[in-house]
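Structure record follows, encoded as structure tokens.
The values are calculated or read from the model by the stated rules, or taken from the named source; none is laboratory data. Quantities reported herein were computed from a predicted structural model and do not represent experimental measurements. Here the Cβ positions follow ideal geometry from the backbone for every residue, glycine too, while neighbour counts run over all protein chains shown.
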Amino acid sequence: MKRPPPPYRPLQSGHASVVWPALPNPETARLAALLMQLEESQWWTAAQHRERQLLQAGALLHHAYRQLPFYRDRLAQAGFVPGKPVTPAVWARIPVLTRAELQAAGPALHSPELPAGHGGTYEISSSGSTGRPVKALGTALVQLMWHAITLREHLWHRRDFSGLLAAVRSLPNGVALYPDGARGQDWGRSTKGIYRTGQSALLSIVSRTEEQAEWLQRVQPDYLLTYPSALRDLLLHCRDRGIGFPRLREVRTLSELLPPETRALCREVWGLKIADMYSTQETGYIALQCPVEEHYHIQAEMILVEVLNDAGEACRPGEVGQVVVTPLTNFAMPMIRYAVGDLAEVGAPCSCGRGLPVLKRILGRARDMLAYPDGRKAWPLLGDMFYTQIPEIRQFQIVQHAVDDIEVKVVAERPLTAGEEDKLREWLHYRSGHPFPVRITYHREIPRSAGGKFQDFRSAMEPAPRGD
Ligand SMILES: [Zn+2]
């Protein structure tokens, strides 16, 4: 495929008396320099990326070895020698760091000292809707890399920077509440100085779906950023009431799993495509949706991503394994071969010509799989079935408490009839392939987690002890 031309947009000058050529201030210049390299490296082969990744991983391992006793033994046993290059064989011997280990290690993963130029550190607390939060550290440098990938994401999807960007997302308590939300004069720090942008508008995710729809009708954005579950609720609300947003050109989603049904629903209701991003709070961006195909390109310049099978070997295209990541520029809290908890399917090289490795689909969290009495586990393929089967259902969540105890939490305009309840159970049995005992409970609303996340299905079962 023919490569699109590099985007031409004049940089903003940081110098009052030099308008052309722009003389950016140092921070903008660094970001522009990163962006320039990313524009080129996206076309590299996977092997070229791998080579550079191991080079950068060497610097990270060297730092972790010197600074953190936690890593010293792990790295030494893998055959790592400070100052020597990291070979693929050494890399593959480094033990995978589980989420539980990361939580247990806590400050033992915080570097006492940082090399020059990483900037100040800050705390990132990731709060999933299940499980204990993971506390991580970031630096100014980590943020700079985040901004560069955010810019890449805008460029890939050819956004019109003059548009109005609206975001409905998790925000600190009391910020951007309905009915007003909040306004920004630009799209925020990632674009600042690089592109002149239109305004942004923010609304807290704690607002109700009908409030979000009403707010969006007043705001009339060109782009909308939100979470997949909130988008689905919004789409269903808008479909039922015939609400459209004539200016809206694209929806961006992040933070949760995006089901294919929601993509289809977005095309059906608003006629729009979704651009999804795969990230975690503690690791930053992992992969971005390709501008051509509906799969994801790993952001190989910033993060080394492996998809490993049960034997710890790299999965081939078509195979599903656990996602293991190493953010390459976070020296404040090195996460070396960290299993984020998700599973993903490896994809074949992409038709767009970018050499950035492909994740065909992200399958969500292994800890939120449905457990069967025979020990088998699977993801329940729920889609938006309850909404389409019984339109009175406004929201639902399925919680597995035990192999023989599944609770379906329902928010509905009226209690369901016995027949409807049976229909719901039958559907669940059909989709899961097993006659699980199902109890239905009614709620005024099903709250999101502190981090704003929502899951259709979650497991409240205690994980089986290891070695059983
Ligand atoms: Zn692609």
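What are the residues in the stretch 310-330 that are among the polar types (S, T, N, Q) and in a loop (DSSP other than H, G, I, E, B), if any?
Thr329, Asn330
Return yes or no: is Tyr338 more than 16 Å from the ligand (Cβ to nearest atom), hydroxyl-bearing (Ser, Thr, Tyr) and buried (at least 22 other Cβ atoms within 10 Å of the Cβ)?
Yes, satisfied.
With outside the structural domain of Met333 (by TED's automatic domain parsing), crowded, with 18+ Cβ neighbours inside 10 Å and under 30 Å from Ala412 (Cβ atoms) as the only criterion, which of Leu177, Leu203 stands out?
Leu203
Among the residues of the stretch 304-321, which ones are within 16 Å of the ligand (Cβ to nearest atom) and surrounded by 15 or more Cβ atoms within 10 Å (Cβ to Cβ)?
Val305
Which of the residues belonging to the stretch 346-363 are part of a strand (DSSP E or B) and more than 22 Å from Ile149 (Cβ to Cβ)?
Of everything in the stretch 346-363, just one residue is part of a strand (DSSP E or B) and more than 22 Å from Ile149 (Cβ to Cβ), namely Leu363.
How many of the residues in the stretch 343-365 are surrounded by 17 or more Cβ atoms within 10 Å (Cβ to Cβ), touching a strand residue (DSSP E or B) at 6+ places or on another chain (Cβ under 7 Å) and either at pLDDT 85 or above or among the hydrophobic types (A, V, I, L, M, F, W, C) (or both)?
Final tally of qualifying residues: 15.
Say whether the condition of being within 30 Å of Leu202 (Cβ to Cβ), assigned by TED's automatic domain parsing to the domain that holds Gln299 and touching a residue at least 12 places away in the same chain (Cβ under 8 Å) is met by at least one residue in the stretch 100-119.
Yes - at least one qualifying residue is present in the stretch 100-119.
Quick one: how many residues across the stretch 149-184 are among the basic types (Lys, Arg), within 18 Å of Val219 (Cβ to Cβ) and touching a residue at least 40 places away in the same chain (Cβ under 8 Å)?
Looking only at that region, the number is 2.
From the list His15, His62, exactly one residue is more than 23 Å from His297 (Cβ to Cβ) and assigned to a loop (DSSP other than H, G, I, E, B). Which is it?
Testing whether each residue is more than 23 Å from His297 (Cβ to Cβ) and assigned to a loop (DSSP other than H, G, I, E, B) leaves just His15.
Would you be able to say whether some residue in the stretch 231-253 is at positive phi, out of contact with any strand residue (DSSP E or B) (no Cβ under 8 Å at 6 or more places or on another chain) and without any contact (Cβ under 8 Å) to a residue 24 or more places away in the chain?
yes
Of the residues Ala29, Ala46, Ala33, Ala76, only one is at pLDDT 90 or above, under 28 Å from Pro107 (Cβ atoms) and surrounded by 11 or more Cβ atoms within 10 Å (Cβ to Cβ); which?
Going through Ala29, Ala46, Ala33, Ala76 in turn, just one is at pLDDT 90 or above, under 28 Å from Pro107 (Cβ atoms) and surrounded by 11 or more Cβ atoms within 10 Å (Cβ to Cβ): Ala76.
For the stretch 246-260, which positions are more than 22 Å from Ser279 (Cβ to Cβ) and buried (at least 19 other Cβ atoms within 10 Å of the Cβ)?
Leu248, the sole residue that qualifies.
Of the residues Gly355, Gly341, only one is in contact with a helix residue (DSSP H, G or I) (Cβ under 7 Å, 6 or more places away or on another chain), touching a residue at least 60 places away in the same chain (Cβ under 8 Å) and closer than 27 Å to Ala460 by Cβ; which?
Gly341
Condition test on Arg394, is it modelled with pLDDT under 85, more than 20 Å from the chain's Cα centre (by Cα) and either within 16 Å of the ligand (Cβ to nearest atom) or part of a strand (DSSP E or B) (or both)?
It is true that Arg394 is modelled with pLDDT under 85, more than 20 Å from the chain's Cα centre (by Cα) and either within 16 Å of the ligand (Cβ to nearest atom) or part of a strand (DSSP E or B) (or both).
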